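Input: a single structure, listed below in structure tokens.
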Amino acid sequence: MGELERLDKRLAATGKWSRREARDLIRAGRVTADGQRCRAPESKVGADAPVAVDGVPIGADRPVYLMLHKPAGVVSSTDEPGERTVLDLLGEAYQNIGLFPAGRLDKDTEGLLLLTNDGPLAHRLLAPKSHVDKVYYVEVDGVLDEDDAEAVRQGVKLGDGYACLPGKLELLSDSSAYITLREGKYHQVKRMLASRGKPVTYLKRVRFGPLELDEGLPRGAWRPLTEEEQKAIFSQ
């Protein structure tokens, strides 16, 4: 599901209206979101929700697809008071075209993040029924073993009773591994391994669906997806 944002900010992010003009349009009843007329500028809408002004859909002039090597300490959000966000890492040209992260990484988690203004694509990649693989490199405080790998294969049961979908744990050393998940619950990797008595000390996403993190990208750096990478995500 796309990240929620204020309706007036969504309009202003297109660069066609100022925030004040966006609020005036909304209050005048000229804006619809998900087919419903809205009159409150502070209304929250999903990043993939269709929004129109006077019946004309809004949106950036062109879709953008960026690969970001997210560093720790940055939040996966477009606007978070008092926090540095992933959009703050981008150049000025990318600030007002409706970009948002397709999925989230915890503030202290590093690695691959897809940024786009293509709501339908993001929705498809993140839909639970899509079961897009997400691969993480993880280090823990403790010793990982075959019992942990088997537990992940069977589907770890969390402390709140939630049964995770089966995944894969590929042991690299006594305290490091690659873990593959097909869902993205809140703090899932951390909660899974904590339930095994092996708290996570470092976490980095190295793959999201068909996209692999470009290790040539320093932390905090980004680049547009290649043509091959774009084809791969659309065939997902």
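A short reminder: the numbers here are calculations on the coordinates, not readings from a lab. What you see is a predicted model, and the numbers here were worked out from it, not measured in a lab.
Miscellaneous remarks
- Of all DSSP beta bridges confined to the chain, the antiparallel ones make up roughly 95%.
- A straight Cα-to-Cα reach below 25 Å connects LYS168 with the lysines LYS70, LYS107, LYS129, LYS134, LYS157, LYS185, LYS190, LYS198, LYS204, residues fewer than 8 places away in its own chain not being considered.
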